Amino acid sequence: MKIPLEVSYRGINKSDSLESLIQQKVSKLEQVCNYMNSCRVIVEKVHDHPKSGSPFRVRIDMTVPPGHELAVDKNPDAGKQYEPVDAVIRDAFEAARRQLKELTEKQRGDVKYHPEQEMEAVVTKLFPEQDYGFLQPLSGQEEVFFHRNSVINNDFERIEIGTGVQFSALQDDEGIRATTVQIVSKSGSNLDRDTTEEIEPPLGWKK
């Protein structure tokens with residue numbers, strides 16, 4: 001699982017079965033959008049003895065580069081049949097999947113007045129002291145290494161986690177690397193992401 005996942009339980013005990021279900025559903029979200037910044041899930045019991053509906057509420061908050069925030073809040077009302085917590089979780093994740101699918105399809109297929117400025121990837125990892133980072137193509141391909149020297153107009157200093165870019169890349173024995181990177185969309189918000197872990201550039205990389 002690549003997405004930084006945070007799960008909270010309120011008024012309900014954490015269990016292995018619920019944890020397994022949530023992780024399974026988050027993995028399904030990754031199949032729709034594999035470049036999310038984060039996913040936060042809150043499972044809570046809001047009623048002890050409801051006459052109908054469900055005593056449970058599930059909220060899912062997701063952040064997607066360059067600055068999108070998506071939220072789902074499921075709490076079956078009194079007009080519906082009683083639903084157990086696992087059913088509410090499934091319903092919430094299905095709604096989240098639909099939102100993600102709509103957003104990613106829009107990002108990948110938007111028709112713009114200036115198609116040369118259409119975003120092709122987002123910056124997912126950045127190591128400015130070492131002059132390199134990684135891009136996540138919106139097409140779903142694997143991450144692409146890029147070096148400061150590949151960023152046109154000397155714009156490396158402007159790049160942040162979540163910056164949208166266009167790029168050209170090549171693949172050789174060392175892996176996939178960007179040959180040119182052009183900024184087309186700055187990050188819309190300062191999204192939290194741990195970038196302190198050192199990741200080695202492709203073997204044999206020369207500045």
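Couple of notes before you dig in:
- Sequence-distant residues sharing a close amide H with Val7 (under 5 Å, placed H): Val41
- Heavy atoms of His47: accessible area, 1.4 Å probe, square angstrom to 10: 90
- 3J(HN,Hα) couplings calculated from phi for segment 6-20 with the Karplus curve 6.51 cos²θ - 1.76 cosθ + 1.60 (θ = phi - 60°) are, in sequence order, 10, 10, 10, 10, 10, x, 8, 6, 5, 9, 4, 5, 5, 4, 5 Hz; Gly and Pro show x.
- Surface per residue (accessible, 1.4 Å probe) for segment 11-71, Å²: 49
- Vicinal HN-Hα couplings computed from phi for segment 86-92 (Karplus, 6.51 cos²θ - 1.76 cosθ + 1.60; Hz; Gly/Pro x): 5, 5, 5, 4, 4, 4, 5
- Applying 0.36 nm per residue to the separation of Leu21 and Glu157 and subtracting their alpha-carbon distance, the gain on full extension is 44.8 nm.
- Along segment 173-181 the Karplus relation, 6.51 cos²θ - 1.76 cosθ + 1.60 evaluated at θ = phi - 60°, assigns HN-Hα couplings of 5, 8, x, 9, 9, 7, 9, 9, 9 Hz to successive residues, with x for each Gly and Pro.
- In this rough spin-label picture, where each label sits 7 Å from Cα along the Cβ direction, the Asp172-Ala87 distance is 5.9 nm.
- For Ser54, residues with placed amide H under 5 Å, excluding near neighbours: Glu83
- Placed amide H near Ile12: partners under 5 Å, 5+ positions off or other chain: Lys45
The values are calculated or read from the model by the stated rules, or taken from the named source; none is laboratory data. Because the structure is a prediction, the values reported are computed rather than measured. Ideal geometry is used to build each Cβ from the backbone, glycine not excepted, and the neighbour counts take in all protein chains shown. In case anyone asks, the SASA skips ligands and DNA or RNA and just uses the protein heavy atoms, side chains included. Shrake-Rupley method; radii C 1.70, N 1.55, O 1.52, S 1.80 Å.
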